[in-house]
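Inspection log for the structure reproduced underneath, given as structure tokens.
The values are calculated or read from the model by the stated rules, or taken from the named source; none is laboratory data. No experiment lies behind these values; they were computed from the predicted model shown. When we count neighbours, we look across all protein chains shown, and the Cβ atoms used for this are built from the backbone with ideal geometry, even at glycine.
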Amino acid sequence: MKRRNYLKVNILAGTGLALGGGFSRPAAGAGNTGKKVIVLGIDGMDPQMLRKYLAEGKMPNFQKLIAQGDFKELSTTIPPQSPVAWASFITSTNPGRTGIFDFIHRGPKNFPADLYLSTSRASEPEGGKLRLGDWLVSLKGGKIENLVSGTPFWNYLAEYGIPATVFRSPSDFPPFSSKANEFSGMGTPDLLGTYGTFSYYTDNPPKNAKDVTGGEVFPTFVKNGAAKNFIHGPNNTFRLDPEKPFEETGGKKIYNYEKLKIPFTVYVDPVNPVAKIVVGDREIFLKQGSWSDWVELKFPLVSKAKSLFGIAKFYLKELRPDFKLYVSPINIDPKNPALPIFNPEAYGEELVGALGRFYTQGISEDTKARTYNVLNDPEYWTQSQMVGADWFRALRFHLDRFKSGFLFFYFSTLDLGQHMFWRFLDPKNPIHEEALKSGLDSPVEKLYQQMDHALGMALEKVDRDTTLIVMSDHGFAPFNRCFNLNSWLLDNGYTYLLDPDKREKTEYFDNVDWGRSRAYGLGINGLYLNLEGREGTGIVKPEQEDWLLKELKRKLEAVVDPQTGEHPIKNAYLAKEVYNGKFVGTVSPDIIIGYRRGYRGSWETTLGKYPKDLLTDNTDPWSGDHCIDPTEVPATLVANKKIRKADPNIMDIGPSVLEEFGLKIPSDMEGKPIF
Amino acid sequence: MFGGEKIKIKKDLYERVKKFSELAGYSSVDEFVEHTLEKEIKDLEGSDSEDEIKKKLKGLGYIS
């Protein structure tokens, strides 16, 4: 195995991920068992939308596949969030056993300080020696854990020597240490350890620059025809900041680490709308309104031999009258990955050899840049299409070499596209009219047609020995109204603030009087009791738990939106009634809020804010969503065989794949074969 | 500079520590050793700072 540098060896050793002896696992298709199963995982493909475009004759390949086989709605998880649903897909178990209930989880003992993304976490170090950036600090000597509990169904295939490739499955970071080829998907961080941090260099910063999340705005001015600034990497915990190595506070030294950064200069043509960007030893020529290819960013640590590698794309948005340069989040370089994103490593080398560089960040579509108007609609469309183009190239590569075995291939673009462009479809959306003036024509329809094209590529590989399944993890719905769950808890006496006058300034629950508060909302759908013996601050006694949960359920389902007359909450699910498994009541919320179509948990409530108004309009470009009641957004299931199971569920796909290969279905799988 | 307890380490390790402390920009070996041990203890007591975790969470499109 080619070990690229000392740094990486140590990180991987810390993760405990064994990478084998230096050869790619048998690629899906490298052997020749004859049988082929292809699963196209299309995040967010909505059955209602599919029916609409089928009726309009816009999905010919889906029409063909359905004519050969079948099309049904697919029941999904409570809540129908992608990490939750895909974890149940992977393991064929309910969330009570996967341990994944929301994008955001909390450690109850140290809540609210202990918040984390639900699917992976850096565990405490065990005595290693290396430190890298913000994310990697915790990995040093410790390990990154994929928090999905259970066995991926493709492990059983691999055990029987059936070649398996899993491309970009969500909830698969770091990749399960399976015998399949895997490239991690949703949950994979950027080089800063975040889930996407773009950089925006401009001499005219937006008014909301300080409020921008998911990105940083850097004032940058053109002087004598050149603009200079830095690409900001993670902290270098190998070195102290040479300019200010420490500060003294109260007689104690606080050390400052060096900020890794790479200088760049933009030379602006005095006449034409073009510029030359010099980054390290690389020169890039860009016209105004154009994007660069991937630019390698090398961040030296202690010596030249130890560096962190990232890649970014530059977009020269405007040169005159204002200077506006967007730089994408720094993706982990697939050629020199600083974190384990491939399993085995040789699979990554094969991908890079065939495809060159590509997006590696878990959610590569830069929705935050669109939300804060750093990218407008056509610009965001272009960016997301570049992501999609990477997946199409990768699909071609995998299909071309696919001869037998199992191939799972994931598409993200339709999901993110519906999040951002649903306002084009829905006249009730508060910013619908504005969207129609953006210059984009029917973006959602185009994305569905692109998925039809992907299916067409897969259909070319289908023969009599091939089972082809197209599935999604949930459907989609408008997101027009926001429900402030924490505000409701406050206004109804379940939460108290230390200083009620500072209600509007409360964030991350920092003003909550935990000695009096009985419940809190966290994440998009979770409601938790402040339970004695579980929460570090718990006050609800175990004997009060059941009646309090029932009271909350009854009251929440009775809430009425005065603007529409609707009940925003269709179902408040009690975790103990809808899940089973060891994570129920420990990791799980106590109630999962199933919002009605058109509603969702507000932006503010997810991380502990308490706005004055209970219900507000959603004016964010993020205008479609699915984190609602699962009965409102069933997923899609299409196959080239008759689907005999009456009510197929997302947990059924894994067992169905095993059965197609004639394997026995493990008894701990909850799903049943669909064919 | 510690004005406190002394710790014995092997000579070859000391040489490596000395070399690294210079590379890393510390004013003395003592300062480097003290800070490194502080970091280790801090890590054992907890991992990322709250601010860093919040920053990570906010990069997710679903929340703001």
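Within the stretch A:225-276, being among the aliphatic types (A, V, I, L, M) and either in contact (Cβ under 8 Å) with a residue 40 or more places away in the chain or closer than 17 Å to A:TYR326 by Cβ (or both) holds for A:ALA226, A:ALA227, A:ILE231, A:LEU260, A:ILE262, A:VAL266, A:VAL268, A:VAL274, A:ALA275.
Does A:ASP620 satisfy the criteria of being acidic (Asp, Glu), touching a helix residue (DSSP H, G or I) at 6+ places or on another chain (Cβ under 8 Å) and within 12 Å of another protein chain (Cβ to nearest Cβ)? Talk me through it step by step, then tell me what you get.
On the way: acidic (Asp, Glu): yes; touching a helix residue (DSSP H, G or I) at 6+ places or on another chain (Cβ under 8 Å): yes; within 12 Å of another protein chain (Cβ to nearest Cβ): yes.
Yes, satisfied.
Evaluated against (1) surrounded by 23 or more Cβ atoms within 10 Å (Cβ to Cβ); (2) closer than 14 Å to A:PHE167 by Cβ; (3) in contact with a Phe, Trp or Tyr (Cβ under 7 Å, 6 or more places away or on another chain), A:TRP391 falls short on exactly one condition, (1). Of the residues making up the stretch A:36-89, those that are small (Gly, Ala, Ser) and either free of Cβ contacts under 8 Å to residues at least 60 places away in the same chain or in a helix (DSSP H, G or I) (or both) are A:ALA55, A:GLY57, A:ALA67, A:SER82, A:ALA85, A:ALA87, A:SER88. Consider A:LEU527 carefully, then state whether it is buried (at least 17 other Cβ atoms within 10 Å of the Cβ) and either without any contact (Cβ under 8 Å) to a residue 60 or more places away in the chain or in contact with a Cys (Cβ under 6 Å, 6 or more places away or on another chain) (or both). Against the criterion (buried (at least 17 other Cβ atoms within 10 Å of the Cβ) and either without any contact (Cβ under 8 Å) to a residue 60 or more places away in the chain or in contact with a Cys (Cβ under 6 Å, 6 or more places away or on another chain) (or both)), A:LEU527 does not qualify.
Within the stretch A:554-589, the set of residues being under 26 Å from A:GLY99 (Cα atoms) and hydrophobic (A, V, I, L, M, F, W, C) comprises A:LEU556, A:ILE569, A:ALA572, A:LEU574, A:ALA575, A:VAL578, A:PHE583, A:VAL584, A:VAL587.
Go through the stretch A:239-258 residue by residue and tally those that are in a strand (DSSP E or B) and surrounded by 16 or more Cβ atoms within 10 Å (Cβ to Cβ). Reasoning before the result, please.
Narrowing the stretch A:239-258 to residues in a strand (DSSP E or B): A:239-240, A:246-249, A:252-255, A:257-258.
Then drop every residue that is not surrounded by 16 or more Cβ atoms within 10 Å (Cβ to Cβ), which leaves A:239-240, A:246, A:255, A:257-258.
Residues meeting the conditions: 6.
Among the residues of the stretch B:42-49, is any modelled with pLDDT of 75 or more and either more than 7 Å from every other protein chain (Cβ to nearest Cβ) or surrounded by 13 or more Cβ atoms within 10 Å (Cβ to Cβ) (or both)? Checked against the condition, which is being modelled with pLDDT of 75 or more and either more than 7 Å from every other protein chain (Cβ to nearest Cβ) or surrounded by 13 or more Cβ atoms within 10 Å (Cβ to Cβ) (or both), the stretch B:42-49 yields no hits at all.
Based on this model, can you work out whether A:PHE230 counts as surrounded by fewer than 18 Cβ atoms within 10 Å (Cβ to Cβ) and part of a strand (DSSP E or B)?
yes
Looking at the stretch A:323-330, is at least one residue closer than 28 Å to A:LYS276 by Cβ, of a type in the set (Gly, Ala, Ser) and away from chain B (no Cβ under 14 Å)? No, the stretch A:323-330 contains no residue that is closer than 28 Å to A:LYS276 by Cβ, of a type in the set (Gly, Ala, Ser) and away from chain B (no Cβ under 14 Å).
Only one entry in A:GLU216, A:GLU145 is charged (D, E, K, R), modelled with pLDDT of 90 or more, surrounded by fewer than 23 Cβ atoms within 10 Å (Cβ to Cβ) and in contact with a strand residue (DSSP E or B) (Cβ under 9 Å, 6 or more places away or on another chain), namely A:GLU216.
Do we find a residue being in a strand (DSSP E or B), polar (S, T, N, Q) and within 14 Å of chain B (Cβ to nearest Cβ) anywhere in the stretch A:203-215?
Going through the stretch A:203-215, the residues in a strand (DSSP E or B) turn out to be A:215.
Keeping just the survivors that are polar (S, T, N, Q) gives none.
No, because not a single residue in the stretch A:203-215 is in a strand (DSSP E or B), polar (S, T, N, Q) and within 14 Å of chain B (Cβ to nearest Cβ).
Residue by residue, here is whether (1) at pLDDT below 95; (2) part of a helix (DSSP H, G or I); (3) over 14 Å from the mean Cα position of the chain (by Cα) holds:
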position: A:SER364; (1), (2), (3): no, no, no
position: A:PRO378; (1), (2), (3): no, yes, yes
position: A:TRP391; (1), (2), (3): no, yes, yes
position: A:HIS398; (1), (2), (3): no, yes, yes
position: A:GLY417; (1), (2), (3): no, yes, no
position: A:ASP426; (1), (2), (3): no, no, yes
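Of all residues in the stretch A:261-278, none are more than 30 Å from A:GLN383 (Cβ to Cβ) and assigned by TED's automatic domain parsing to the domain that holds A:THR220.
Given the residues B:GLU22, B:GLU34, B:GLU38, B:GLU52, which is the only one that is part of a helix (DSSP H, G or I), facing another protein chain (nearest Cβ under 8 Å) and at pLDDT below 85? I'd like the intermediate steps shown before the answer.
On the way: B:GLU22 fails: facing another protein chain (nearest Cβ under 8 Å); B:GLU34 fails: facing another protein chain (nearest Cβ under 8 Å); B:GLU38 fails: facing another protein chain (nearest Cβ under 8 Å).
Exactly one of B:GLU22, B:GLU34, B:GLU38, B:GLU52 is part of a helix (DSSP H, G or I), facing another protein chain (nearest Cβ under 8 Å) and at pLDDT below 85, namely B:GLU52.
Regarding A:PRO611, is this residue part of a loop (DSSP other than H, G, I, E, B), within 14 Å of chain B (Cβ to nearest Cβ) and surrounded by 17 or more Cβ atoms within 10 Å (Cβ to Cβ)?
Values: part of a loop (DSSP other than H, G, I, E, B): yes; within 14 Å of chain B (Cβ to nearest Cβ): yes; surrounded by 17 or more Cβ atoms within 10 Å (Cβ to Cβ): yes.
Yes: the conditions hold for A:PRO611.
Of everything in the stretch A:96-120 that is under 22 Å from A:GLY185 (Cα atoms) and within 9 Å of another protein chain (Cβ to nearest Cβ), the residue that is surrounded by the fewest Cβ atoms within 10 Å (Cβ to Cβ) is A:TYR116. Of the residues that sit in the stretch A:314-332 and are out of contact with any Lys or Arg (no Cβ under 6 Å at 6 or more places or on another chain) and surrounded by fewer than 22 Cβ atoms within 10 Å (Cβ to Cβ), which one is nearest to B:GLY25 (Cα to Cα)? Going through the qualifying residues, I end up with A:PHE323.
What do you reckon, is A:PHE183 surrounded by 15 or more Cβ atoms within 10 Å (Cβ to Cβ), in the same structural domain as A:GLY405 (by TED's automatic domain parsing) and within 27 Å of A:ILE311 (Cβ to Cβ)? Steps first, answer last, please.
Details: surrounded by 15 or more Cβ atoms within 10 Å (Cβ to Cβ): yes; in the same structural domain as A:GLY405 (by TED's automatic domain parsing): yes; within 27 Å of A:ILE311 (Cβ to Cβ): yes.
Spelling it out, A:PHE183 is indeed surrounded by 15 or more Cβ atoms within 10 Å (Cβ to Cβ), in the same structural domain as A:GLY405 (by TED's automatic domain parsing) and within 27 Å of A:ILE311 (Cβ to Cβ).
Can you find a residue that is in contact with a helix residue (DSSP H, G or I) (Cβ under 6 Å, 6 or more places away or on another chain) and either within 20 Å of A:ASP617 (Cα to Cα) or buried (at least 17 other Cβ atoms within 10 Å of the Cβ) (or both) anywhere in the stretch A:549-557? No, the stretch A:549-557 has no match at all.
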